[in-house]
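Below: one structure, written as structure tokens.
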Amino acid sequence: MNPTGNTSAAVDPVTLEVIRNALSATAEEMSLVVMRSARSPLLREAGDLSSALTDADGHLIAQGRDIPMHLGVMSFTVREFLKRVPKARLAPGDVWFLNLPEVGGNHLPDVKAIRPVFVDGTVVAFAVNLAHWADIGGAVPGSYVAGAVDAWQEGLRIPPFRLFDAVGPVRENLDMVLANVRGAQEREGDILAQMAATRGAEEQLQRIFAEHGADTVLAAIAAIHDRAEAQMREALAAIPDGVYAGEDWLDDDAAQGGPVAVRVRVTVAGDRATFDFSDTADAARGPVNTTPFIAAASVFYVVKALFGPDIQPSGGCYRPLEIVTRPGSLLDPGPERPVVGGNHETSQRVADAVFRALEPTGPERLSAGGPTTSGLVLFGGRRADGAWTTFYETHGGGEGARHDRDGAPVVRVHMSNVMNTPAEVVEAEYPIRVERQRLRSGSGGAGRHRGGAGLHRAYRVLCDDMSVTTMFERRVVPPYGLQGGEPGAPFRVTVVRADDSRLDLPGKANIRLDRDDVVIVESCGGGGYGSPEAAGSERRPAGDSSAGDSMTTGGTM
């Protein structure tokens, strides 16, 4: 099946819609299976996972309502997988796992499970689930090595590796993986959940093919590609032809270097658009690099969000888009560079650079700068029984204001779509107590419409030795205002030691904490929209917090 062909005339519109929605429901069901059966709270509670279906050649045909950075990457994963594992080597019951960034990937903790789906002995589709493993090995618990300068420091690198066949687990392969990660029992439970999700998708796909017939389903898949292409071309044609430039900045390179630029030139010509990132900075020494697949995912997210929200995501959507990255740059660094933070930090800088480039096409479509960072704080240690425990938490912040309203408080925007872990789960699963959770008063940027408030959350360590990792942005370069609005307050993480001494943590760091140390997370506020003078109200400095940083306790929210 080749998505560049046009065979959409072979299926009637009603049947096409029935099949299209059945495929989308199958992808969504995969994610539900993982969330209901995984061992780690990161998957069960936060939902740091995504699911998709591709055609027989690896082109996306359906996806769950999951995480944009994952879903965009999975548009390429199977295509790159097939370059290494041809279809002739695949068999019914196979489930292959991989995490190599250069094989249609992003960073090592995001591990993909790929199952070929056969009908009458022929591969007709692939079911793909991506799950963030709470640990993938490496130098520190949680596998975020802030000081990493090469790819091998970041953990276990898994090329396409068959962990299941028609009989069941390929035990020696599975044991090799589990021997190289912390929390092996939890990882095995998550692996089984991913396998089960792809098995459920296979069963659903075989029912769809049996009900409608292979020829009809394959024609419908081709039609999905063709229609998505036509819709994307129509959306692009509505943008005035021209060249639009935008940029955004990483706070630093995670290796004592200063801000790092992400720059894009967008050329719109008729019903096509080129996004050229050649002027983006060179590859960073630290782990904020990312892959061309993430750059493409970020571009697709922006274009779809602004101009085609109702377009069915599929391989056809990408046909009118050209994404150019320069080898040796931050977005195309080669396989030896570290990338763990670039997955969710640099991807957001790409999205914001493209949004800012396209501001002249209609600022009323845009929000001011928001919490375009994972806000990651990762705790790793051992429970009283000696078992490894890794608490991976991302923190939302204030949404940027829009032309017609203030920003919402404490949300996640752009490339992230995970949920928070409830305080009750944190305290039940980890040697941590959530001391406080509230809005970060005054953190939204001033403007005709004010940016949303960030989050204030405090964690108390309840064990004698705890590893803590930060990996976040918007600490130095705050969320930007739009159309004259002011920036929001920057992100801040503070450690209050048991002796009351304080430490302001950098955005990328690995430290050790002791019992009764407290980590205070204050996420960024959103940028304001429009001139503050137009609001006709008193301007408060962004980031002013009437609540202060007192260490009193009062339960959790």
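The values are calculated or read from the model by the stated rules, or taken from the named source; none is laboratory data. Small disclaimer: the values here were computed from a predicted structure and weren't measured. Note that each Cβ is placed from the backbone with ideal geometry, even for glycine, and that neighbours are counted across all protein chains shown. Areas reflect the complete protein model, heavy atoms only, side chains present, ligands, DNA and RNA absent. Shrake-Rupley method; radii C 1.70, N 1.55, O 1.52, S 1.80 Å.
Worth pointing out:
- To the nearest 10, the accessible area of GLU533 is 130 Å² with a 1.4 Å probe.
- Considering only beta bridges that DSSP places wholly inside the chain, some 95 percent are antiparallel.
- When you restrict to C-alpha pairs under 8 Å that are six or more residues apart and normalise by the size of region 366-557, the relative contact order lands at 29 percent.
- Taking the chain and dividing mean pair separation by its residue count, relative contact order in percent (alpha carbons under 8 Å, at least six apart): 14
- A viscosity of 1.306 mPa s and a temperature of 10 °C, combined with the Kirkwood radius over Cα pairs in Stokes-Einstein, give a translational diffusion coefficient for region 223-328 of 107 µm²/s.
- Heavy-atom accessible surface of ILE311, to the nearest 10 Å², is about 10 Å², with a 1.4 Å probe and all protein chains retained.
- Whole-number accessible area per residue in Å² for region 366-557, which is evaluated in the context of all protein chains at 1.4 Å: 37
- In whole angstrom, region 13-230 maps to an equivalent ellipsoid with semi-axes of 30, 17, 16, each derived as √(5λ) from the alpha carbon gyration tensor and ordered largest first.
- Highest mean packing comes first when the peptides 116-123, 335-342 are listed by Cβ atoms within 10 Å, giving 335-342, 116-123.
- Region 182-218 and region 220-256 have their alpha-carbon centroids 30 Å apart.
- Estimated translational D of region 158-249 in µm²/s (Stokes, Kirkwood radius over Cα pairs; 20 °C; 1.002 mPa s): 119
- Cα-based Rg and Dmax for region 366-557, where Dmax is the largest Cα-Cα distance (Å): 17.0, 60
- Taking only the C-alpha atoms of region 444-484, the Rg (one decimal) and the largest Cα-Cα distance, Dmax (whole number), read 16.1, 50 Å.
- Around the amide H of VAL170, modelled in the peptide plane, lie the amide H atoms of PHE164, ASP165, all under 5 Å away and 5 or more residues distant in sequence or on another chain.
- Measuring nothing but protein heavy atoms, the accessible surface of the chain at 1.4 Å probe radius is 50 percent carbon and sulfur.
- One equal scatterer on each Cα of region 34-163, no solvent, Debye formula: the resulting log10 I(q)/I(0) at q = 0.11, 0.18, 0.20, 0.23 Å⁻¹ is -0.38, -0.98, -1.16, -1.40.
- Highest-first packing order for the peptide set 427-436, 239-248, 290-299 is 290-299, 427-436, 239-248, based on the mean count of other beta carbon atoms within 10 Å.
- Debye log10 I(q)/I(0) at q = 0.09, 0.17, 0.20, 0.24 Å⁻¹ for region 327-439, Cα point scatterers: -0.36, -0.96, -1.11, -1.31
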